[in-house]
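The values are calculated or read from the model by the stated rules, or taken from the named source; none is laboratory data. Everything quoted here is computed from the prediction, not taken from an experiment. Glycine gets a Cβ as well: all are built from the backbone with ideal geometry, and neighbour counts include every protein chain shown. Heavy atoms of the whole protein, side chains included, go into the accessibility calculation; ligands, DNA and RNA do not. Shrake-Rupley method; radii C 1.70, N 1.55, O 1.52, S 1.80 Å.
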Amino acid sequence: RIKGLEAALGAPTMGELARLTRDLPVSPEPTDPQRRSKDVVEINQRFGTLHRSGEWEVPRRMEIKLTVGNAKLDFTDAVAAHARLVLDVDLGIGGDLLLITRPGIVVVADDVIVRMGELKVRPRQQVPDHPVDLRIEVTGQLRGGDLVVRYPRSLR
């Protein structure tokens, strides 16, 4: 046990930590129905603007398809009943997605295919003693839209 703890605390990368924790059980769903979030939220939007902020429930998976429209997901006060969100994006021409995060939220966008558009993941390095509350794994494609991840302007 102590060797495993030392290895986890000394893991130089998230990938190394993931390899060490792969066999840990997944936490059970909350028993309070008020705290249960949807498993999948689909957003298919053409034109217009979508904005989620304040205390909103983070699902396990979001599928977002935007064309000539903007979406802003502000995670600073969002409530996640689990530690991982899979965010699958399809951003067409003029479909821009902005993710606002905070310390404790890690965004991994290594699997996004950029055909046209721009991918910017800007959060500062994780605060050393701050635990990771939510890991957002972004997949999908940019086909003319932009995906920007940043902290709120007040934390910059």
Enumerate the pairs (first residue in the range 136-156 and closer than 13 Å to ASP110 by Cβ; second residue anywhere and outside any strand (DSSP E or B) and open to solvent by 30 Å² or more (accessible area, probe 1.4 Å)) with beta-carbon separation below 8 Å, excluding pairs fewer than 6 apart on the same chain, so at least 6 apart or on different chains. LEU147/GLY117; LEU147/GLU118; VAL149/ARG122; VAL149/PRO123
Which condition does THR49 not pass, out of (1) open to solvent by 30 Å² or more (accessible area, probe 1.4 Å); (2) on the phi > 0 side of the Ramachandran plot, if it passes all the others? (2)
I'd like to check something: does the range 95-118 contain any residue that is of a type in the set (Lys, Arg), surrounded by 15 or more Cβ atoms within 10 Å (Cβ to Cβ) and without any contact (Cβ under 8 Å) to a residue 60 or more places away in the chain? yes
In the set ILE64, ILE93, ILE136, ILE100, which member is of a type in the set (A, V, I, L, M, F, W, C) and in contact with a Pro (Cβ under 8 Å, 6 or more places away or on another chain)? ILE100
Residue list for the range 68-94, restricted to those being open to solvent by 10 Å² or more (accessible area, probe 1.4 Å) and either in a loop (DSSP other than H, G, I, E, B) or β-branched (Val, Ile, Thr) (or both): VAL68, THR76, ASP77, ALA78, VAL79, ALA81, HIS82, ALA83, VAL86, ILE93, GLY94
Here's a check for you: in the range 145-156, which residue that is part of a loop (DSSP other than H, G, I, E, B) and open to solvent by less than 20 Å² (accessible area, probe 1.4 Å) is farthest from ILE93 (Cα to Cα)? TYR151
